[in-house]
Amino acid sequence: MPAVDKKGAEDTPLLKQYRALKAAHPHAILFFRLGDFYELFDEDAKAAAPVLGVVLTQRQGLPMCGVPHHSHANYLAKLLRHGFKVAIADQVSDPAAAKGLVRREVTRVVTPGTVVEEELLDARSANYLAAVELDSVGWGLAVVEVSTGEFWAEQALSDHGREQLKALLSRLRPAEVLAPARAEAELHLKALLGPRTSVSDWSRTASESVVPPHWDGKSTWKNRPLALKAALTARSYVAATQAHLRELPAPTLRESQDALQLDDSAIRTLELVDSEEGGRKHTLWGVLDHTATPMGSRRLRRWILHPSTKLPEIERRANAVSELVEKPLERSRLRQILEGLSDLERVINRMATRSAGPRDLAALRGALSCRGPLEDWLAGGEVSSAAVSGLAADLGDAAPALKELHALLARALADEPPARISDGGLIRPGHDAALDELRRVRTDGTSMLKELEERERKASGLALKVGYNSVFGYYLELSKANSAKAPARWTRKQTLTNAERYITPELKELESRLLGAEDRFLKRELALFEALRASVLEADAAVRRFASLTSELDALQSLAEAAARNDYAKPVVDLSNELEIVDGRHPIVEAALPAGSFVPNSCTLDGAENQTIVLTGPNMGGKSVYLRQTALIALMAQMGGFVPAKSARVGIVDRILTRIGSRDQLARGESTFMVEMRETSHILRSATKRSLVLLDEVGRGTSTYDGISIAWAVVEHLNRLGGADGVRGPRVLFATHYFELTELAVLLSGVKNANVEAREWTNAEGRTEVVFLHKISPGPADRSFGIHVAELAGLPAPCLARAREILHGLENEARSAPPPVPAALDPQPSLPIFEEHPAIHALRLLDPEDLTPLEALAKLAELKKKL
C-alpha cells in the first residue's frame, strides 16, 4: 500500500475517497482496492482482522489490515459466514493513465443472502434471502435464492404466536433475513436461526412499492398483501445490492397447506438435514442422497423439508420411483447421463451477473450436450410413469431453443477456455474473422515483420534490417554507405554515427496493428463473450426448464437408488387416518448399524380406536428410536419415496409435531422445563385430526406429581380433539416412565399401551444382567431398569448398592399400602394418586381464627390419630 501522506491521515485524498465510499455503505465492511490488495481501515479493520486471521496494524494511528486481491474470495467467504456484508470498491480507471488519484467505485455489495460465486456457496444447499412482513393479523414471507433465481412468497393469517412462520424459517434456514426491528425482536430471529444469521432492516422506496409489469396475476397479489409487500422488499434489496444482476423472475405464490408442516423441533429431533454432531452424514438427507448433480441434491433436500400433502403429486413421484427401482439398468443409464450435467441452475443465473466467466459458458455447453442422450432415454419408453412422461413433454418444448444454443456455444467457444476473460483465448478460431486477424497479428507479429523486411530488401536491393525502440517504434535501418540509395518513399526518422533509420507507411501501419493487437484482441473477445452471454439469456426460460426437469429426474433416481440399496417398500398413501407400518425401521440408525442388525417394529394408529399409544419401558430400550422412525416413515411416504418397512399405509399427515429431548435456552432465560412446556403448548394449539404427534417424557423436568398431572392432561386433551366423524384426535405416540399413565388405556377410548421388551438373566459370575430386546409389544411395562442403566453408565458400586436398597424399600412400602376405597365413577378421569389425605382435607377446612387454644390442641390430637 502507498504510504499515508505525512500531513496526516485526516488530510490525505486517498482516505477522503475511502471515507466517502464508506459513508455510502455504513453497514458493510469496505474492501478498498489499492494495487494488488484490498485494504480495510478504521473500525472495519478492527472488526474484520480477527475473522480473517490477518494482522491488524496501524499507520499514523489509523487501524488497518489487508488481503491479496487475487485470493480475496477466500477472505470474503469468512466474513459472509460470520454474517457480515462486504462492499467491494474497485479501481475503475487505469492506474497507469490516471493523473493523480485513481478513481474508485463500489462495484458490488456482497451479502450472505445474495452470493452467486460458486466458490462461496455450498453446492448442495440453497442460500436463501428471506423478507418478513408482519401486522396484527398475520405475516408475509418472500424467499429468494439469488444464485438460482428461485423466488416465491407465502402469507398466513391468524398464526398464533407466529409459530407457523417460525417453523417455515427453521426449515429454510436463510442466510440473511430482511425484517424490521420489531419483527426481529418478536420472532427472536438470532435465537431461532443462529447468532451468525444476518438480519437487516430494509425499506422500499415509493417506486419500488409498485407491482412490476412482468408479475402476472395482480388480482392474486391483491388478496395476499403481506406476501406482496415481502416480495417487493426482497426485490428492492436484491436490486440495490446486485446492481449488475438482471431483473429477478416473477415470484410464485405458495400455499402452506400444500406441504406437510415441520417445526424447528421436528427438523432438529428427526435429524432431517443436520445431525446433532453437525453435517449431514447421519441424517435422512445423507441416507437418501444418491444424486448425480448439486441441483438434484438441493431438490431432494426441499422434498425432505417440504413433503407434499397433495395425493396426486405424491403418487406421481412414487410411481416414477417404483419404475426406476424395478429397472436398475435404466436407472444406471439415467445416472450416467446426469453425471455429465453441471449445476445449471447456478450457471444460468451467473450469466446475468458480472461474476460469470468463460468456464461458465463451457459448463453450460457441456450440460446442453446431455440433452440429446436424455431425450433418447425419455423417448425409449422403458420408464413410462406420468412423472417421466410429463418431463419428456417439457423437454420436447424446450428442445429447439436448447439445441440452437448448444450449436452456437460449440461453434464459438474454445475447447478449454481460460478461467478469466483477461487471459484471452476463449473464442474458437474460425468463429469471427476480425478476431482471427487480431489473433494472427498477436501471435505472428515477428514473422510479419520478417516478411516486410524481405519485401523491402528485394524492392530496394539494399541490405537492411527491421528494428524497434521505445522512442521511435519500428524502423528500417541502413548503413551510412547505403543511405544515399534509400528510396524516396522512405522517411528519415533518426541519424546515427554509422547508420540511418527510416519509416514507411506500411511499417507504421503494421506497428499500429502490432502494438494495439493485444488490447484490441482482448476487447474483441470481451465483446464476443458478451454476445454469447446475451444469447444464453435469450434462452433463459428454456435452460431453466431443462435445469428443473433434470434436477427432478435426479431426485427421483436418488430415491429409487436408496430404496434399492436399503430394501425399502412402496407405501400406500391415501386420505384415510390410518398409519399402519409393518416391520418399520429407522433409516438413519439402520444405515449406521451392521446389515441386518436393526430390530424392526410395527405400528398401528388411526386416530380412533388406536388414537394414542402410551409407550413404557426401560431407558436405552429404543422408545425414542421407535417414535422417530414412525415419523420418518410418514415423511418419506409423503415425499413420494419408498419407506424402510415391510409394508406401510399412510393416511395423509398435515403436520408432524414433536417434543423429544431437552434443550436449554439460557440466552432467553428459559430452562429445559420451560422449553418443554412451550413446545408442548405449541403442539396442543397446532395439532389437528390429521397430525402426527410424538411426545417423549413430557413432564419430567419438574416434580413427579406435577409432571404426571401435566402428562395425563396432555393425553386427555389430544384424545378429545376429534369430531363427529369418529376420529378422536391426532395420531399420538407418547413415551413415558410414568407408569401411572398406563391407566389411561382403561379410562379413555382409543388409548393403547405398549412396552419395549427387556429380559433379566444371571451370568456365569452370578450377576444379574439386563438384555434390551428393542422389540415393541402390547401392554404396559412393569419395570424401567433405571439402576441397570446407571450401572452401564459407570456409577460407583456403593452408590448403586444404596440405590437398590432405597428402591427395594419404596417398592415394599407401595405393596404394603392399603388399597384406596373405590369412588363413584367420574366422567372426567382423575388420578387416584392425587386423592387428598383425610387429615389434610380436614386441616384445610379449619379456620384458625375461630379456634381457641384448647380447641386447636384438641383438633391437632384428632388429626394425629388419622395419620
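The values are calculated or read from the model by the stated rules, or taken from the named source; none is laboratory data. These numbers come from a predicted model, not from an experiment. Cβ atoms come from the backbone with ideal geometry, glycine included; neighbour counts cover every protein chain shown. Keep in mind that these areas ignore ligands, DNA and RNA; they rest on the heavy atoms of the full protein, side chains included. Shrake-Rupley method; radii C 1.70, N 1.55, O 1.52, S 1.80 Å.
With one equal scatterer per alpha carbon and no solvent term, the Debye-computed log10 I(q)/I(0) for segment 206-262 at 0.20 1/Å reads -0.81.
Solvent-accessible surface (1.4 Å probe) assigned to C370 amounts to roughly 20 Å². The equivalent ellipsoid of the chain has semi-axes of 72, 34, 25 Å, largest first, where each one is the square root of 5 times an eigenvalue of the Cα gyration tensor. Amide H contacts for E105 (H built 1.01 Å from N in the peptide plane; partners 5 or more residues away or on another chain; cut-off under 5 Å): D90, V92. Per residue, the average separation of C-alpha pairs within less than 8 Å and at least 6 apart gives segment 569-629 a relative contact order of 36 percent. Based on the convex hull around the alpha carbon atoms, segment 442-506 presents an average projected area of 4.6 nm². Share of pairwise Cα-Cα distances greater than 23 Å in segment 378-514 is 59 percent (whole percent). Label-to-label distance, A240 versus S749, with points set 7 angstrom from Cα along the beta-carbon direction: 6.0 nm. The ellipsoid that matches the Cα gyration tensor of segment 301-403 has semi-axes, each √(5λ) in whole angstrom, of 27, 18, 13, with the longest given first. Given their separation in residues at 0.36 nm each and the Cα-Cα distance between them, A713 and N482 gain 71.5 nm when the chain is fully extended. A prolate overall shape is assigned to segment 349-403, the ratio a/c of its alpha-carbon gyration tensor axes (a ≥ b ≥ c) being 1.5 or greater and a/b exceeding b/c. Between Y468 and K403, the C-beta separation translates, for a Förster distance of 60 Å, into a calculated FRET efficiency of about 0.75.
Assuming R0 = 41 Å, can you tell me the calculated FRET efficiency for the pair E277 and L575, based on Cβ-Cβ distance, to the nearest 0.05? After rounding, the FRET efficiency stands at 0.60. Note on segment 486-577: Cα convex hull, mean projected area over all directions, 15.6 nm². What list of ³J(HN,Hα) couplings, whole Hz, do you get for segment 321-329 from phi and the Karplus terms 6.51, -1.76, 1.60, once you set θ to phi - 60° and write x for glycine and proline? Calculated HN-Hα couplings, in order: 4, 4, 5, 5, 5, 6, 10, x, 5 Hz.
Computed over the chain, relative contact order equals 9 percent, with contacts defined as Cα pairs under 8 Å that lie 6+ residues apart. Taking the square roots of 5 times each eigenvalue of the Cα gyration tensor of segment 119-258, largest first, gives ellipsoid semi-axes of 21, 20, 14 Å. Does anything in segment 621-649 have its amide N under 15 Å from the 7 Å Cα→Cβ label point of T604, and if so which residues? Hits in segment 621-649 for T604 at 15 Å: 647-649. Note down the relative contact order for segment 271-371 as a percent, whole number, built from C-alpha pairs under 8 angstrom at least six residues apart. It comes to 21 percent, rounded to a whole number. Placing +1 on the Cβ of every Lys and Arg and -1 on the Cβ of every Asp and Glu, with nothing else charged, gives the chain a dipole about its Cα centre of roughly 3260 debye. Taking amide H atoms as placed 1.01 Å from N in the peptide plane, the amide H of A87 lies under 5 Å from those of I29, L30, F31, V110, each 5 or more residues away in sequence or on another chain. Solvent-accessible surface of the chain, taken per residue with a 1.4 Å probe and all protein chains present: 47 Å².
Applying Stokes-Einstein at 37 °C and 0.692 mPa s to the Kirkwood radius of segment 524-608, computed over alpha-carbon pairs, gives a translational diffusion coefficient of 186 µm² s⁻¹.
FRET efficiency for the A531 to D216 pair, using the beta carbon distance and R₀ = 35 Å, is estimated at 0.70.
Compared with the direct C-alpha span, the chain from N566 to A77 gains 172.3 nm at full extension, assuming 0.36 nm per residue. Counting only heavy atoms of the protein chains and using a 1.4 Å probe, D42 has close to 60 Å² of accessible surface. Site pair S207 and K310 shows an inter-label distance of 3.8 nm when each label is modelled 7 Å from Cα along Cα→Cβ. Distances between placed amide hydrogens fall under 5 Å for K689 paired with no residue 5 or more residues away or on another chain. Expressed per residue, the C-alpha convex hull volume of segment 16-173 stands at 152 Å³. Here segment 443-486 is scanned for amide nitrogen atoms under 18 Å from the site 7 Å beyond the Cα of S512 along Cα-to-Cβ, giving 449, 472-476. Computed from Cα positions, the angle between helix 294-305 and the longest principal axis of the chain comes to roughly 20 degrees.
Per-residue 3J(HN,Hα) values for segment 149-165, derived from phi via the Karplus relation 6.51 cos²θ - 1.76 cosθ + 1.60 with θ = phi - 60°, read x, 5, 8, 8, 9, 8, 9, 9, 10, 6, 8, 4, x, 6, 5, 5, 5 Hz in sequence order (x marks Gly and Pro).
Extension gain, E862 to L684: 0.36 nm times the residue separation minus the Cα-Cα distance gives 59.5 nm. Estimated at the nearest 10 Å², the accessible area of E805 is 110 Å² with a 1.4 Å probe.
Each helix, a run of at least 4 DSSP H residues, gives -39500 (n - 2.57); summed and divided by the residues of the chain, these come to -13500 deg cm²/dmol at 222 nm. Across segment 563-570, computed HN-Hα scalar couplings (Karplus, 6.51 cos²θ - 1.76 cosθ + 1.60, θ = phi - 60°) run 5, 5, 5, 10, 6, 8, 10, 6 Hz from first to last residue, x flagging Gly and Pro. In the structure shown, the pairs K465/K485; K465/K493; K689/K775; K493/K523; K310/K403 are assessed against 25 Å; a Cα-Cα span above that value is assigned to K689/K775; K493/K523; K310/K403.
Model label sites at N223 and H808, defined 7 Å from Cα along the beta-carbon direction, differ in position by 7.3 nm.
Normalised by 2.2 N^0.38 Å, with N the number of residues, the alpha-carbon radius of gyration of segment 101-183 equals 1.34. Using alpha carbons only, the radius of gyration of segment 376-430 set against its Kirkwood radius gives Rg/Rh = 1.24.
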